[in-house]
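Visitor: Dropping the structure in here first, questions after.
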Amino acid sequence: MTCALRRGIGLSDGIQWLIGRDDWTYSVIFARGVTPEELALRLGGAPGSVPSPITGREAWAVVMDHRTDDEVLIRIGVSDGWSFALEYGVPTGTERLAEISRGGVEAAHLDPQPDHPPKQFAYAKDGVVICSFGIGEEVWRWGQQPDFLLAELVQAGVLHADGEYARSDDEPFGAADRATLAILETRFGLALPHDVEERQLPAFVIR
């Protein structure tokens, strides 16, 4: 395992900082119970398919150079017990989340959907998608247990107990999305470093 993977990430980073960042255009897959390398393989990553380690800027350059919609590049790392993969290009994590979580693994997916809001969240375990919803559209939830996070959403004031919206219309821009990411951050212990795009991380092409 490389030094970048062994070093990991501090608990204070969290994921709330992603809200409001213009450069949050990559999706993130978290997996607990597999190494970053195994996560890459479960995503369909081809070992040795791209020179690495590389930064986020270099990852986008690889994707743009190929200029195809069916090629994705991932960069992998580890954070507080969760392996993660950052996806550049057309994301595939949502479709593969159940497969990623086979064998008792937990997997979570965050997709910023910059061209087609809202942002999306999904959580799977042991080969089953448990819960998924749009961030900012938490009133519509699906999966095997659509109410899996309802108690947390109610406690945070995002939803009422009946599943309807509880947020105020005059909240500052991004506040509602940040509240939901705070729930996910606390409930699952998810974190990424603020400088994740600048870090050099192992990379794989997914074709």
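Visitor: Can you give the charge dipole size of the chain about its Cα centre, rounded to the nearest 20 debye, using +1 on the beta carbon of Lys and Arg and -1 on the beta carbon of Asp and Glu?
Guide: Working: 18 positive and 32 negative charges, 155 e Å.
Dipole size: approximately 740 debye.
Visitor: Tell me, what is the per residue accessible area of the chain in Å², probe radius 1.4 Å? All intermediate terms of the calculation are to be shown ahead of the outcome.
Guide: Working: 9780 Å² over 207 residues.
That works out to 47 Å² for each residue.
Visitor: Here is a further query. May I ask you to give the percent of accessible area on the chain that is carbon plus sulfur, with a probe radius of 1.4 Å?
Guide: Details: 5020 of 9780 Å².
On the chain, the fraction of accessible area on carbon and sulfur atoms equals 51 percent.
Visitor: Rank these residues by their accessible area, most exposed first, probe 1.4 Å: Thr35, Thr55. The partial results should precede the final answer.
Guide: Numbers: Thr35 65, Thr55 25 Å².
Result, largest first: Thr35, Thr55.
Visitor: Sort the chain into rounded, prolate or oblate with this rule: let a ≥ b ≥ c be the square roots of the eigenvalues of the Cα gyration tensor; rounded if a/c is under 1.5, and if a/c is not under 1.5, prolate when a/b is larger than b/c, oblate otherwise. Could you put the intermediate results ahead of the total?
Guide: On the way: a/c = 1.75, a/b = 1.56, b/c = 1.12.
Prolate shape, in that a/c is at least 1.5 and a/b is the bigger ratio.
Visitor: Of the peptides 74-82, 149-157, how do they stack up when ordered by the mean number of other Cβ atoms within 10 Å, highest first? Walk me through the numbers on the way to the answer.
Guide: Details: 74-82: 22.9, 149-157: 16.6.
By packing density, highest mean first, the sequence is 74-82, 149-157.
Visitor: Just to be sure I understand the model, the point goes 7 Å from the Cα along the line to the Cβ. What's the resulting His194 to Val90 distance in nm?
Guide: Label at His194, label at Val90, 3.6 nm between them.
Visitor: Taking 8 Å as the Cα distance limit and 6 or more residues as the minimum spacing, I'd like the relative contact order of the chain as a percentage.
Guide: Working: 419 pairs, mean separation 63.9, N = 207.
This gives 31 percent for the chain.
Visitor: While we're on this one: By the gyration tensor of its Cα atoms, with a ≥ b ≥ c the square roots of the eigenvalues, what is the shape of segment 18-107: rounded for a/c under 1.5, prolate for a/b over b/c, or oblate? Working shown, then result.
Guide: Details: a/c = 1.64, a/b = 1.40, b/c = 1.18.
Prolate shape, in that a/c is at least 1.5 and a/b is the bigger ratio.
The values are calculated or read from the model by the stated rules, or taken from the named source; none is laboratory data. Every value quoted in this text rests on a predicted model; they were computed, and no experiment measured them. Ideal geometry is used to build each Cβ from the backbone, glycine not excepted, and the neighbour counts take in all protein chains shown. Heavy atoms of the whole protein, side chains included, go into the accessibility calculation; ligands, DNA and RNA do not. Shrake-Rupley method; radii C 1.70, N 1.55, O 1.52, S 1.80 Å.
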